[in-house]
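Asks: First the structure, then my questions, so here it is.
The values are calculated or read from the model by the stated rules, or taken from the named source; none is laboratory data. Keep in mind that this is a model prediction, so the values were computed, not measured. Positions of Cβ are generated from backbone atoms using ideal geometry, with glycine treated the same way; all protein chains shown enter the neighbour counts.
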Amino acid sequence: MSHLPDIPLHDGTPHDLIAREPVKLADLLRIAERSYSGPAIRLGDAVSRRWLRLAANPYLAELEAIAGALGRPGVHLLNVSYEWACTSSASPDPQGGSRLLRVLDWKLDGLGRNLVVLRQHGPAGLFYNVTWPGFVGVLTAMAPGRFSAAINQPPLRSFGLPLPLAWMANKRRLWQSLAVPPAHLLRQVFEQAPTYAEAKRRLCETPLCLPVFFTLSGTAPGEGCVIERVEDRCEVHEGPAAVANHWLALREGGAPRGHDSPGRHRRMCSVMAAAQPDLSWLQPPILNPDTRLIVDANAAHGRLIAQGWEAHGPVTAIFDLACAS
């Protein structure tokens with residue numbers, strides 16, 4: 001792995017990454033345009049921007065500043081995109097405390113090689129956000145001495161409709177809501193929640209614009225859970241617990257997302273208790289061609305280990321916060 005590039009560590013805000021990582025940002029925008037086409041991005045960006053304004057999104061000003069600095073469409077759309085699969089768990093760490101294991105899958109090439117770690121600060125303290133230039137939310141992060149957390153995507157609700165019509169029905173429900181997106185709620189929690197208990201309460205109770213799975217890990221061995229969320233209610237699975245991309249207790253319909261979601265869930269349940277921080281626990285079906293990010297985080301130790309992947313294998317060296325900071 002010594003020949004692979006490092007995942008950079010920066011201190012500041014998502015807006016700061018525009019100037020600090022212009023090459024990675026340009027690569028991400030090229031990927032988006034190649035995958036979705038220029039006209040589709042312009043239309044989606046306009047709709048997303050209008051919705052974020054109507055909802056008085058808490059990070060709208062930051063999004064507008066990033067979009068203004070870039071001078072091209074796509075920022076608003078990409079910040080409300082929600083098309084990935086993941087496998088995550090919260091369990092006691094054999095080395096002490098509690099830990100989060102997390103694998104993010106996304107079909108977009110380039111996400112693994114363009115990862116950054118951003119050290120952000122809020123009223124409750126600092127946190128380390130594993131993210132990309134141009135993205136203002138939080139999908140995976142660790143706050144030393146407080147908690148670690150990650151987002152997984154539930155199945156697309158079917159409403160008894162064919163897939164294209166179900167997709168449109170889900171988008172219609174989203175645009176009719178003025179609640180916060182899950183990635184923006186998770187950022188607020190990392191900025192404002194001083195404890196695991198407060199983070200758990202906010203993730204359970206705050207109204208959301210669409211369903212989500214949160215995996216939350218605190219500092220004590222008993223602090224860990226998976227939270228299945230729909231817009232106005234939740235089901236909590238106390239740790240040790242794992243989740244992939246199918247419903248566990250809530251029955252909202254829709255097909256599991258990603259590669260073999262039940263198999264990934266079973267595999268994570270079987271490895272989370274003894275998994276080592278060298279990432280050797282990463283095996284199929286958790287590892288698959290769409291894998292883009294692997295994380296092992298322990299807030300009690302202030303430990304964050306991460307690596308970027310693409311379809312052909314690892315594309316970054318293993319990031320170890322103890323070495324990077």
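Let's see how each residue does on (1) crowded, with 24+ Cβ neighbours inside 10 Å; (2) of a type in the set (S, T, N, Q); (3) at pLDDT 95 or above:
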residue	(1), (2), (3)
PRO73	no, no, no
TRP84	no, no, no
ARG102	yes, no, yes
LEU126	no, no, yes
GLY134	yes, no, no
ALA149	yes, no, yes
ASN152	yes, yes, yes
PRO155	no, no, no
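Asks: Sticking with this one: Taking ILE286, is it of a type outside the set (Gly, Ala, Ser), over 15 Å from LEU115 (Cβ atoms) and surrounded by 20 or more Cβ atoms within 10 Å (Cβ to Cβ)?
Replies: Yes, satisfied.
Asks: Any idea how many residues of region 160-219 are in contact with a Cys (Cβ under 7 Å, 6 or more places away or on another chain) and under 16 Å from LEU100 (Cβ atoms)?
Replies: So the answer is 2.
Asks: Given (1) over 19 Å from GLY224 (Cα atoms); (2) modelled with pLDDT under 95; (3) part of a loop (DSSP other than H, G, I, E, B), identify the lone condition not met by CYS323.
Replies: It fails just one condition, (3).
Asks: What about GLU191, is it within 20 Å of the chain's Cα centre (by Cα) and free of Cβ contacts under 8 Å to residues at least 40 places away in the same chain? Working first, answer last.
Replies: Working: within 20 Å of the chain's Cα centre (by Cα): yes; free of Cβ contacts under 8 Å to residues at least 40 places away in the same chain: no.
So GLU191 does not fit the description; no.
Asks: Do you know which residues across region 251-301 are basic (Lys, Arg) and not in a helix (DSSP H, G or I)?
Replies: Those that are basic (Lys, Arg) and not in a helix (DSSP H, G or I): ARG251, ARG257, ARG292.
Asks: Does region 239-246 contain at least one residue that is free of Cβ contacts under 8 Å to residues at least 60 places away in the same chain, part of a strand (DSSP E or B) and under 20 Å from the mean Cα position of the chain (by Cα)?
Replies: Of region 239-246, the ones free of Cβ contacts under 8 Å to residues at least 60 places away in the same chain are none.
Looking through region 239-246, none of the residues is free of Cβ contacts under 8 Å to residues at least 60 places away in the same chain, part of a strand (DSSP E or B) and under 20 Å from the mean Cα position of the chain (by Cα).
Asks: Same structure, new question: Just for region 237-250: of the residues that are touching an Asp or Glu at 6+ places or on another chain (Cβ under 9 Å) and not aromatic (Phe, Trp, Tyr), which one is surrounded by the most Cβ atoms within 10 Å (Cβ to Cβ)? Before you say what the answer is, go through the steps one by one.
Replies: So in region 237-250, the residues touching an Asp or Glu at 6+ places or on another chain (Cβ under 9 Å) come out as 237, 239, 243-245, 247-250.
The next check asks that each one be not aromatic (Phe, Trp, Tyr); those that pass are 237, 239, 243-245, 248-250.
Values: HIS237: 18, GLY239: 21, VAL243: 27, ALA244: 31, ASN245: 25, LEU248: 16, ALA249: 10, LEU250: 15.
That would be ALA244.
Asks: So, one more: Restricting attention to region 27-64, report how many residues are more than 24 Å from ARG173 (Cα to Cα), among the small types (Gly, Ala, Ser) and surrounded by 14 or more Cβ atoms within 10 Å (Cβ to Cβ).
Replies: Residues meeting the conditions: 1.
Asks: A follow-up question, please. Check every one of the strands (runs of 3 or more DSSP E) wholly within region 24-128 and list those with 1 or more residues that are among the charged types (D, E, K, R) and in contact with a strand residue (DSSP E or B) (Cβ under 7 Å, 6 or more places away or on another chain).
Replies: Once the strands (runs of 3 or more DSSP E) in region 24-128 are filtered for at least 1 residues that are among the charged types (D, E, K, R) and in contact with a strand residue (DSSP E or B) (Cβ under 7 Å, 6 or more places away or on another chain), what remains is 98-105, 116-122.
Asks: With the requirement that a residue be among the hydrophobic types (A, V, I, L, M, F, W, C), out of contact with any Ser or Thr (no Cβ under 8 Å at 6 or more places or on another chain) and surrounded by 20 or more Cβ atoms within 10 Å (Cβ to Cβ), what does region 251-281 give you?
Replies: Within region 251-281, ALA275, TRP281 meet the criteria.
Asks: Any chance you could count how many residues in region 37-60 are within 21 Å of the chain's Cα centre (by Cα) and free of Cβ contacts under 8 Å to residues at least 24 places away in the same chain?
Replies: Number of matching residues: 1.
Asks: Restricting the search to region 289-316, which residues are hydrophobic (A, V, I, L, M, F, W, C) and surrounded by fewer than 16 Cβ atoms within 10 Å (Cβ to Cβ)?
Replies: ALA311 - this is the single residue of region 289-316 that is hydrophobic (A, V, I, L, M, F, W, C) and surrounded by fewer than 16 Cβ atoms within 10 Å (Cβ to Cβ).
Asks: If you don't mind, another one. What tally of residues in region 137-147 results from selecting those that are over 9 Å from the mean Cα position of the chain (by Cα), buried (at least 22 other Cβ atoms within 10 Å of the Cβ) and outside any strand (DSSP E or B)?
Replies: Step one: filter region 137-147 for residues over 9 Å from the mean Cα position of the chain (by Cα), giving 142-147.
Those still in the list that are buried (at least 22 other Cβ atoms within 10 Å of the Cβ) too: 142-143, 146-147.
Of the ones still in play, those that are also outside any strand (DSSP E or B) are 146.
The total comes to 1.
Asks: Still on this model: Restricting to region 3-13, and then to whatever is more than 14 Å from LEU115 (Cβ to Cβ) and not in a strand (DSSP E or B), can you tell me which residue is modelled with the lowest pLDDT? Can you show your working first?
Replies: In the first step, residues of region 3-13 are kept if they are more than 14 Å from LEU115 (Cβ to Cβ); the result is 3, 11-13.
Now drop any that are not not in a strand (DSSP E or B), which leaves 3, 12-13.
Details: HIS3: 88, GLY12: 96, THR13: 95.
Across region 3-13, the extreme among qualifying residues is HIS3.
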